[in-house]
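Engineer: Take this structure first; my questions come after.
What follows draws every value from the coordinates through simple rules; no lab data is involved. From a predicted model like this one, the values you see are computed outputs, not experimental measurements. So basically every Cβ, Gly included, is an ideal-geometry build from the backbone, and we count neighbours across all protein chains shown.
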């Protein structure tokens with residue numbers, strides 16, 4: 001690396017506060033302000049609470065997995081990619097990083113939809129649904145605006161993110177305090193499960209079905225817990241990665257649970273389920289009037305824009321690190337004079353623009369982006385937890401740490417089981433899309449491998465078996481779509 005670029009790069013390092021802000025911004029984004037309506041759509045308060053306990057429990061061990069791996073393997077920069085490569089080879093690592101990259105792209109488009117939908121409050125009818133023509137233009141402008149901001153360097157983007165994170169938390173804290181003040185305990189506990197057939201108008205089905213319903217939404221809110229790990233190559237102190245992950249997880253979990261549960265103490269499930277997005281704004285309007293709705297909508301704009309910035313930083317970083325390790329074409333490893341992943345960022349922004357154009361034809365763009373994002377991130381969590389399990393079982397863990405192997409194994413196993421459960425609990429039509437979406441990235445992998453070693457070195461070891469398994473999944477899910485077993 002040239003001396004000038006090295007000096008620039010050292011000045012672009014992130015501290016603990018910036019890392020915590022990135023984790024919180026990544027987790028508390030567009031999803032949090034829609035939680036009251038999204039979580040209550042098909043579930044009563046008791047089932048919502050259990051859904052959060054399940055998701056919080058599982059994500060705690062996934063976050064612990066990232067903390068443990070970042071502590072014992074600080075040499076693995078952009079860990080979410082490197083963990084898969086170290087444990088299962090370059091092809092599996094490519095599948096992980098491609099899926100994660102897709103997730104960041106879909107997430108950023110989801111942020112754009114939420115921003116436009118919120119602007120519709122200030123300009124009624126102008127951005128209805130978040131996917132009309134004015135919305136498409138607005139999202140496009142923001143995509144390229146963030147592109148140029150991140151190109152200016154990680155340090156500037158990180159500083160903007162810290163300010164934005166603090167600003168986004170203020171309306172949410174006010175929302176929580178207002179609902180605590182107006183909380184009606186009798187309302188909160190009047191129909192905890194909504195599964196009594198004697199009250200058919202309030203009947204929402206079995207408790208298990210109610211618990212499964214909001215799990216994708218809960219998982220969406222936890223996406224980003226790995227944000228500090230994804231940017232571990234940009235940090236001043238490697239120990240800050242684990243600290244930022246834990247602090248950010250706890251802050252985000254508390255806020256999400258309060259925002260999901262407290263509204264049941266002021267409105268019924270039926271009333272909550274029909275409130276327009278962002279539902280936190282609609283609730284405050286009912287409770288305190290117009291000023292509450294205005295405050296939340298301003299907060300939503302700050303919240304989503306800040307999260308969008310954090311995810312743009314992560315979106316550019318991951319393909320760059322993959323290219324440095326020969327899983328992506330080497331062109332993605334190029335950085336500008338500010339140390340930003342320039343080629344990776346330009347391509348990411350172009351793909352976001354393509355998805356935005358497709359969103360115009362979607363009837364329920366927000367839920368589609370949310371569900372796809374939640375599922376494409378699961379392979380990252382699955383292989384990271386599997387890698388930790390592998391280190392503990394084969395004894396390699398002891399090469400990196402003197403103690404804590406049993407505790408680490410427990411974290412890895414529980415995190416792994418949680419990932420498998422989330423696949424099971426997901427909506428079939430979105431789950432079936434995952435192998436197809438992962439397969440779309442294979443030309444990039446072939447390009448990188450052929451450039452590195454020619455046709456004979458595309459697959460190594462057991463990678464061909466993984467490739468054939470992926471193709472078989474594509475064929476199976478394609479058959480299910482064709483014969484109508486799964487419908488879009």
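Engineer: Listing 121, 387, 360 from the residue with the fewest other Cβ atoms within 10 Å to the one with the most, what is the order?
Structural biologist: Listing 121, 387, 360 from fewest to most nearby Cβ atoms yields 360, 121, 387.
Engineer: Can you pull a Stokes-Einstein diffusion coefficient for the range 288-376 at 20 °C (1.002 mPa s), Rh from Kirkwood over Cα pairs, as a whole number of µm²/s?
Structural biologist: D = 138 µm²/s.
Engineer: Additional query: Would you mind giving the three semi-axes, in whole Å and largest first, of the ellipsoid equivalent to the range 18-78 according to its Cα gyration tensor? Before the final figure, lay out the partial values.
Structural biologist: Values: eigenvalues 176, 49, 9 Å².
Each semi-axis is the square root of five times an eigenvalue, giving 30, 16, 7 Å.
Engineer: Regarding the chain, what's the average projected area of the Cα-atom convex hull, expressed in nm²?
Structural biologist: For the chain, averaging the hull's shadow over all directions gives 23.4 nm².
Engineer: Is it possible to state the helix-based mean residue ellipticity at 222 nm for the chain, with each DSSP H run of 4+ residues giving -39500 (n - 2.57), the sum divided by total residues, to the nearest 500 deg cm²/dmol? What is it?
Structural biologist: -23500 deg cm²/dmol
Engineer: Calculate I(q)/I(0) for the range 403-488 by the Debye formula, one identical point scatterer on each C-alpha and no solvent, and give its log10 at q = 0.16, 0.24, 0.26 Å⁻¹ to two decimals.
Structural biologist: For the range 403-488 at q = 0.16, 0.24, 0.26 Å⁻¹, log10 I(q)/I(0) is -0.86, -1.10, -1.18.
Engineer: Provide the convex hull volume over Cα atoms per residue for the range 338-488, in Å³. Intermediate values should be presented prior to the final figure.
Structural biologist: Working: hull volume 29.2 nm³, N = 151.
Taking only Cα atoms, the range 338-488 has a hull volume of 193 Å³ per residue.
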